[in-house]
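Visitor: Below you'll find the structure I mean.
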Amino acid sequence: MTTLTIRRPDDWHLHLRDGDMLKAVLPETARHFARAIIMPNLVPPVVTARDAAEYRDRIMAAKPDNSDFQPLMTLYLTEETDIKDLRAAHEIGLVTAVKLYPAGATTNSASGVADFTKIRRQLETMAQIGLPLCVHGEVTDAEIDIFDREAVFIDRVLDPIRRDYPELKIIMEHITTAQGADYAQSHDNTAATITTHHLVINRNHILAGGIKPHYYCLPVAKRETHRLALRKAATSGDPTFFLGTDSAPHTDDLKEHACGCAGCFTATNTLSILAEVFEQDNALDKLEAFTSLNGPTFYGLAPNEGHITLTKGEPVAYPAKIDTKSGPVTVFDPQMPLHWRVT
Ligand code: NCD
Ligand code: ZN
């Protein structure tokens, strides 16, 4: 096969940031993706309907000319989130999902939830009105090993929520473990996004032969068995699994640092990488399900009308970095030739 035409894809987990960074990174996603779930972890976070409306306006203003890219907004859930505001944001179609960050789990998550009993009314309301919950699934307790934080979160936090609100649509975001894939697959109203980079790297890429800050993200990549489980899930065509790139730009000075930021920037070459990965696993016929069909189905949205075509040829050269007014941002290096390009 040398060409592949699929429905236009969506990105179900994306960090666009704000200001100059937003302007620099948005074209990288809008070039190929029709829609994306926009993460609310700005500083300060996108907490209210008003914050979300203003952020959406800034994104629309930063869009390249002629782009019909559509941001799907989210609210950052806090213990104080106002139910009325949440309902209103949903009713007017302003927000597509609500994001749960355990306090302190990742970049800009200080305002996240510390006491999960304090978000009961919000979750109840969301289950009632059909507003999905996107979950960053890691416990934050210092005594839990960072490589176990996802699995422990599933047992301690996610499963009790799952039992208490069986109707609530839950998206386990950027899963990194076999346990995450198994849990999503075996529970109703539960889906999981998988990033591009977690299909390519394991923890050796971060730590072997010198520390590689551009491969550091959260949840951190796990051992090879988990990467293989994610590959199997993503390429299976199972509607439980869909793409959320978690493309998360940080300037190089903040990545290459004694306390480097978490996040891999994959917006630029994601589709080429995915086509390569799916081809390696003899699953090119499942790529469309993963990038363009399973996500809309879970969210209750129609797939995009348009199509894109990927063509196979000589390896494609992507820039190592993109320039922003705040400094360069390194593009994720998959350490393999990429033969597919969007044409
Ligand atoms: C994200 C970011 O930089 O905002 N970082 C990351 O490593 N994925 C936050 C997140 O999604 O955890
Ligand atoms: Zn993220």
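The values are calculated or read from the model by the stated rules, or taken from the named source; none is laboratory data. Keep in mind the model is a prediction, meaning the values are calculated, not measured. Here the Cβ is made from the backbone with ideal geometry for all residues, glycine too, and neighbour counts use every protein chain on show. The area values use the complete protein model at the heavy-atom level, side chains included, leaving out ligands, DNA and RNA. Shrake-Rupley method; radii C 1.70, N 1.55, O 1.52, S 1.80 Å.
Visitor: Residues that are buried (at least 22 other Cβ atoms within 10 Å of the Cβ) and within 16 Å of ligand 1 (Cβ to nearest atom), at least 2 per element: which helices (runs of 4 or more DSSP H) completely within segment 87-199 meet that? I'd like the intermediate steps shown before the answer.
Guide: Details: elements: 120-129, 149-153, 159-164, 178-185.
Because the criterion is at least 2 residues that are buried (at least 22 other Cβ atoms within 10 Å of the Cβ) and within 16 Å of ligand 1 (Cβ to nearest atom), the helices (runs of 4 or more DSSP H) in segment 87-199 that meet it are 149-153.
Visitor: A further question follows. Counting only residues that are within 16 Å of ligand 1 (Cβ to nearest atom), without any contact (Cβ under 8 Å) to a residue 60 or more places away in the chain and either more than 29 Å from Asn108 (Cβ to Cβ) or in a helix (DSSP H, G or I) (or both), how many does segment 247-289 have?
Guide: So the answer is 1.
Visitor: Of all residues in segment 201-220 being closer than 26 Å to Pro102 by Cα, of a type in the set (A, V, I, L, M) and assigned to a loop (DSSP other than H, G, I, E, B), which is farthest from ligand 1 (Cβ to nearest atom)?
Guide: Across segment 201-220, the extreme among qualifying residues is Ile201.
Visitor: Considering each residue of segment 107-119, count those that are touching a residue at least 40 places away in the same chain (Cβ under 8 Å) and away from ligand 2 (no atom under 16 Å from the Cβ), and give that number.
Guide: Here is the first cut: in segment 107-119, the residues touching a residue at least 40 places away in the same chain (Cβ under 8 Å) are 107-109, 111, 116, 119.
Imposing the further condition that a residue be away from ligand 2 (no atom under 16 Å from the Cβ) reduces the set to 116, 119.
Residues flagged as touching a residue at least 40 places away in the same chain (Cβ under 8 Å) and away from ligand 2 (no atom under 16 Å from the Cβ) within segment 107-119 amount to 2.
Visitor: Does Thr309 qualify as being in a loop (DSSP other than H, G, I, E, B) and among the polar types (S, T, N, Q)? If you could, list the steps in order and put the result at the bottom.
Guide: On the way: in a loop (DSSP other than H, G, I, E, B): no; among the polar types (S, T, N, Q): yes.
Considered against the rule, which asks whether it is in a loop (DSSP other than H, G, I, E, B) and among the polar types (S, T, N, Q), Thr309 comes out as no.
Visitor: Also: Quick check on my filter: what residues within segment 4-57 are basic (Lys, Arg), crowded, with 18+ Cβ neighbours inside 10 Å and part of a helix (DSSP H, G or I)?
Guide: Correct list: Lys23, Arg56.
Visitor: Pairs please, first residue from segment 38-49 and closer than 7 Å to Leu75 by Cβ, second anywhere and in a loop (DSSP other than H, G, I, E, B) and within 12 Å of ligand 2 (Cβ to nearest atom), Cβ atoms under 7 Å, 6+ apart in sequence or on different chains.
Guide: Pairs that qualify, where the first residue is closer than 7 Å to Leu75 by Cβ and the partner is in a loop (DSSP other than H, G, I, E, B) and within 12 Å of ligand 2 (Cβ to nearest atom), are Val46/Pro40.
Visitor: Kindly list the number of the only condition in (1) open to solvent by 10 Å² or more (accessible area, probe 1.4 Å); (2) closer than 28 Å to Ile175 by Cα; (3) over 15 Å from the mean Cα position of the chain (by Cα) that fails for Leu77.
Guide: Going through the list (1) open to solvent by 10 Å² or more (accessible area, probe 1.4 Å); (2) closer than 28 Å to Ile175 by Cα; (3) over 15 Å from the mean Cα position of the chain (by Cα), Leu77 breaks only (1).
Visitor: From the set of residues in segment 224-246 that are over 13 Å from Leu274 (Cα atoms) and in contact (Cβ under 8 Å) with a residue 60 or more places away in the chain, which is farthest from ligand 2 (Cβ to nearest atom)?
Guide: Phe241
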